[in-house]
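Working notes for the structure below.
Quick note: the coordinates plus some simple rules give every number you see, no bench work behind them. Bear in mind the structure is a predicted one, so any value in this text is a computation, not a measurement. Backbone-built Cβ (ideal geometry, glycine too); neighbour counts: all protein chains shown.
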Amino acid sequence: MIQSINFPVAQSCIAPYGDWDALAKRIKAMGLDGVEAIWDPDEIDDRFPASLMTGCHMLFYPDWLDFYRQNWPELLRKFGSREMVDTVYRGTKPEDLVEQFRFDLKRAISLGADYLVFHVSDVSLEESYTYRWLHDDYAVLDGAIEIINDLLKGVESTFDFLVENQWWPGFTFTDPAKTEYLLSRINFPRVGIILDTGHLMNSNTSIRSQADGVEYVLRRYREHGELGKAVLGMHFHQSVSGAYVRANTGAVPEDFPEDYFAAFFRTYPHIESIDRHRPWTIPACARIVEEVAPKYLTHELSVSPKRPQLAATKRQMTAIRKGLALS
């Protein structure tokens, strides 16, 4: 099992560690193999060493389907102007979006990534508050399938291409029929799933504890039967946020900003309160690792001064080791 941490390839993120060599030494000493890299297009650090990469998390736009389908009435309603759409998406045509994915793909391949991660979901700022969806799962799945097949056409299969579940419309890992629909329509020999345990927990607001989360993740995994073999990787973290969701969704806040970027920065803490990316601390979490037995395990934990990433990773790894020792 290849173990890694998530890490943005940006100068501001590596600075607290000194440099990439210093980070490599620290994570290797913890028993980790490297990092699952994600590039910040505004702050790319070309010093990132290929030897540190296990996988690549491709760029993502949470709200992309209306842009890809060129639904301009909806885009103008959400973003206010064509200029703002151009600013957000770095273009105004579907090809502009696909080219960004294509650039990300080529960079990951050139660095020898073992796997790539691709989000299959769509959510607008307002939907993150209302929980009333503008698009259904199949609309999002179909759009993602088109982009993925366009990206991977003629690409040599030197890596595993892994779709990631969310709790927004799209791929949620809560319905085996939709999981099969997605996987069977991607034209690539090494397609699979990276199961995000925290995202899966976010799909059930009745979860009240980590123990509840363990049972729920395992239930959903077992429901997938043979499809479970497609789970080649896991983003491992826990998110017990049902009480927050019940108390803070249903309507957009009355004082919600009209300016898109002001609204975005207002929404960011709200999303973090839903999708918490906290470390598992109970030994029972090892039951998930043991049963799924992923090829890749990424400790995908939040990064903040109050919750240092490596300290949180150590806590989670300790919980896993204790659980495995008890099994």
Open item on the list: Checking understanding here: applying a Kyte-Doolittle mean of at least 1.0 and a length along the axis of at least 18 Å (C-alpha), which whole DSSP H helices in the chain pass?
Closed with: none
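What is the gain in length, in nm to one decimal, between Tyr131 and Met1 on full extension, counting 0.36 nm per residue of separation less the C-alpha to C-alpha distance?
On the way: separation 130, 0.36 × 130 = 46.80 nm, distance 3.64 nm.
Extending this stretch completely gives an extra 43.2 nm.
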Open item on the list: Can you compute the modelled spin-label distance between Asn71 and Met84, with each label point 7 Å from Cα toward Cβ, in nm?
Closed with: 1.7 nm
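Only counting other Cβ atoms within 10 Å, I'd like Glu156, Glu164 sorted with the fewest neighbours first.
Numbers: Glu156 7, Glu164 23.
Least crowded to most crowded, the residues run Glu156, Glu164.
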TODO: In whole Hz, with x marking every Gly and Pro, tabulate ³J(HN,Hα) for the range 275-282 from phi via Karplus 6.51 cos²θ - 1.76 cosθ + 1.60, θ = phi - 60°.
DONE: 9, 8, 6, 8, x, 5, 10, 9
- [ ] In nm, give the distance between the simple-model label positions of Ala15 and Lys28, each being 7 Å from the Cα along the Cα-to-Cβ direction.
- [x] 2.6 nm
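Arrange the following residues from fewest to most other Cβ atoms within 10 Å of their Cβ: Trp167, Trp133, Trp39. Provide the component values of the computation, followed by the final result.
On the way: Trp167 25, Trp133 16, Trp39 20.
The order, fewest Cβ neighbours first, is Trp133, Trp39, Trp167.
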Task: Signed unit charges on C-beta, dipole axis of the chain, positive-most listed residue Pro49, Ile193, Val240 - done: Val240
Task: Distance between modelled label sites at Lys93 and Lys314, nm, 7 Å Cα→Cβ extension - done: 5.3 nm
- [ ] Grab the DSSP H runs of the chain that are 4 residues or longer, score each as -39,500 (n - 2.57), total them, divide by all residues and round the 222 nm result to the nearest 500 deg cm²/dmol.
- [x] -13500 deg cm²/dmol
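Could you size up the charge dipole of the range 2-326 around its Cα centre, putting +1 on the beta carbon of Lys and Arg and -1 on that of Asp and Glu, and report it in debye to the nearest 20? All intermediate terms of the calculation are to be shown ahead of the outcome.
Numbers: 35 positive and 46 negative charges, 285 e Å.
Result for the range 2-326 is approximately 1360 debye, rounded to the nearest 20.
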Open item on the list: How large is the Rg to Rh ratio of the chain when both quantities use alpha carbon positions and Rh follows Kirkwood?
Closed with: 0.94
TODO: For the chain, please report how many Lys pairs fall under 25 Å Cα to Cα, leaving out neighbours fewer than 8 apart on the same chain.
DONE: 23
Task: Distant-in-sequence amide H partners of Ile38 (H built 1.01 Å from N, under 5 Å) - done: Phe7, Val9, His57
Open item on the list: Can you work out the Karplus-derived ³J(HN,Hα) for every residue in the range 33-38? Use 6.51 cos²θ - 1.76 cosθ + 1.60 with θ = phi - 60°, whole Hz, and x for glycine or proline.
Closed with: 9, x, 10, 8, 8, 9
Task: Cα centroid of the range 88-154 to Cα centroid of the range 283-298, whole Å - done: 27 Å
Open item on the list: Taking the beta-carbon count within 10 Å as an exposure proxy, list Met317, Met201, Met30, Met84 from fewest neighbours to most.
Closed with: Met30, Met84, Met317, Met201
TODO: Post the alpha-carbon centroid distance, the range 187-265 to the range 1-48, in whole angstrom.
DONE: 25 Å
TODO: Would you work out the charge dipole size for the range 122-207 about its Cα centre, treating the Cβ of every Lys and Arg as +1 and the Cβ of every Asp and Glu as -1, and quote it to the nearest 20 debye?
DONE: 160 debye
